[in-house]
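What follows is a single structure, written as structure tokens, with notes after it.
The values are calculated or read from the model by the stated rules, or taken from the named source; none is laboratory data. The model shown is predicted, which means the values in this text are computed figures rather than measured ones. A quick note on method: Cβ atoms are made from the backbone with ideal geometry, for glycine too, and the neighbour counts reach across all protein chains shown. These area figures cover heavy atoms from the full protein model, side chains too; ligands, DNA and RNA do not enter into them. Shrake-Rupley method; radii C 1.70, N 1.55, O 1.52, S 1.80 Å.
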Amino acid sequence: MAAAGSAIGLGNIWKFPYIAGENGGGAFLIVYLICVLLFGMPLIMTEFLIGKRSGRSAYGAFRELNGNNRWQWLSWLCILTSLLIMGFYFVVTGWCFNYLAEAFINVFNGLDMQALTDHFGQVTSNMPRMLLFSFIPVLLTAAVLWFDVNKGIERLSKVLMPLLLVIMFIMAGRVLTLDGSKTGLQFFFHTDFSKITPRVIIEAMGQCFFSLSIGMGTLVTYGSYMPKTQKITSSSLQIVILDTLVAILAGVIIFPAVFAFGFNPAEGPQLVFVVLPAIFEQMGWAWFFSVLFFTLLCIAALTSTISLMEMSVAFLCDATAETKHPLNRRKSVIIISAIVMVLVIFCLWSATGFTIFDKATACVMMPLGALGMSLFVGWRLTKKEPKIITEKDKGIKNWLWKVYVFLVRFIIPGAIVIIFLNSLEVL
Ligand code: PFF
């Protein structure tokens, strides 16, 4: 559940619809689903395997399993990716907290699309306000890691995540009865193959990694906390299914509404913050649903930020464990939070910085991390210990294990390299 909480977040509800909107809707969706099938499940398994087998964070895992420092560059790539993601992710989480506060005091009442668009611009350019609302989730995340109340949070998210799904189904039901919603569904589900360009492919691959939290060691860290009896395969499958379901549902809500209200699907990062309040205004019980929805969105964002910060905190503890000044969990929480706050200020101050952090992590660093980890498991770990998973993880059938090894040795690294080469001009 913790890993599903990490996967399901702003990537599904905020990012997926706007990236799909900018990249041709249906064309993007089909490439995205192919990426999820090809990369998603095997790469989640790969990270869990590394974590569960080594029992270490992303800092120590490769060294522990390899017996030397040759793969240590992967660890540094992971921590850098985590920090950069937190820089912009907390900014967007701040937008969600701001919208939750505003939903409470009924600010959106009576606003039309244009007014909501202007409102988004005003809110996000208000520096002191954004500083306040971005630092709140940083402090909340730090508090969770400080008090070690993960169990509480995860118990809570077991109830709240399904509730989020229920609310999304209700919203989808309402949106589909709007006049003009069919055009939106066509946009999202109709695949025009001529629209599949290298740019669409690299964006879809990046979104797949981002949405499933792969390629940066978060799932290595969570894997290291897995009980021995936990099956890697079934956990990975559940995460992939849940995450994809939420992303598709977000598209089914956003695109019909976009077309019904005569809006442009390629509106960029502001898309859901304008469209969602507009839908609530149309739904009846607007106050109730908008407060509930933004509450759940903030919780979905928090379960992701918790995993991001946990990865960095565990990394720092692990990295300093054998030095003269070992850092305990609480000191690490303080240091990582301080670094994150500086990065958040940078992303608030520079819109270009925000976009670069976002694109560089999803489209370059996470695929590179995933490439490294699949090569590590495919050519190093499974050569050293060929029966590593069948012995330890009885859930997996022999033939499936063979397919997995083939994928991580050849198909996944090959696909990532080809996609990179094809996209050089985009990059
Ligand atoms: N998967 C999260 C989302 O879709 O919002 C974002 C994320 C969380 C990325 C944790 C990476 C990570 F390690």
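Quick notes on this structure:
- In the elastic network of the chain, a GNM with C-alpha springs shorter than 10 Å, the most mobile of H119, H325, H190 is H325.
- Convex hull volume per residue for the chain, taking Cα atoms only, in Å³: 135
- If you take all other residues with their beta carbon under 14 Å from the beta carbon of C96, and give Lys and Arg +1 and Asp and Glu -1, the sum is +1.
- Most to least packed among 260-268, 134-142, 370-378, 416-424 [average Cβ atoms within 10 Å]: 370-378, 134-142, 260-268, 416-424
- Within the stretch 273-294: backbone nitrogen closer than 18 Å to the D179 label point (7 Å, Cα to C-beta): 279, 281-284
- Pairs of Cα atoms nearer than 8 Å and 6+ residues apart set the relative contact order; for the stretch 56-141 it is 30 percent.
- Taking G24, G414, G40 in turn, the Gaussian network model of the chain (Cα-Cα springs below 10 Å) assigns the largest fluctuation to G414.
- Sequentially through the stretch 374-383, phi angles give Karplus couplings (6.51, -1.76, 1.60; θ = phi - 60°) of 5, 5, 4, 6, x, 9, 10, 5, 6, 7 Hz, Gly and Pro residues having no value and appearing as x.
- For the peptides 192-199, 244-251, the ranking by packing is 244-251, 192-199, with the highest mean count of neighbouring Cβ atoms within 10 Å listed first.
- Here the stretch 25-61 is scanned for amide nitrogen atoms under 14 Å from the site 7 Å beyond the Cα of N398 along Cα-to-Cβ, giving none.
- Nearest-ten-degree value, helix 271-283 long axis tilted from longest Cα axis of the chain: 50
- Phi to ³J(HN,Hα) by Karplus 6.51 cos²θ - 1.76 cosθ + 1.60 over the stretch 246-255, Hz, x for Gly, Pro: 5, 5, 5, 4, 4, x, 5, 7, 6, 5
- Pairwise label distance in nanometres, L424 with E322, each label 7 Å out on the Cα-Cβ vector: 3.9
- Across K228/K331; K231/K397; K52/K384, pairs whose alpha-carbon gap is larger than 20 Å: K228/K331
- Free-standing Cys, the chain [no other Cys Cβ under 4.7 Å]: C78, C96, C298, C317, C347, C363
- One chain, two ends: L80 and F193. Fully extended at 0.36 nm per residue, the span grows by 37.1 nm beyond their Cα-Cα distance.
- For the stretch 19-34 and the stretch 155-187, distance of Cα centres in Å: 19
- Pairs of Cα atoms nearer than 8 Å and 6+ residues apart set the relative contact order; for the chain it is 37 percent.
- Each peptide in 269-278, 304-313 receives the mean, over its residues, of other Cβ atoms within 10 Å, and ordering these scores from highest gives 304-313, 269-278.
- The modelled label-to-label distance for the pair L33/F410, using points 7 Å beyond Cα in the direction of Cβ, is 2.7 nm.
- Karplus-based coupling profile of the stretch 166-178, in residue order and whole Hz: 4, 4, 5, 4, 4, 5, 4, x, 5, 5, 5, 8, 6, with θ = phi - 60° in 6.51 cos²θ - 1.76 cosθ + 1.60 and x standing for Gly or Pro.
- Heavy atoms of the protein chains alone define the surface here; on that basis the chain has 40 Å² accessible area per residue at 1.4 Å probe size.
- Whole-percent carbon and sulfur share, accessible surface of the chain, 1.4 Å: 68
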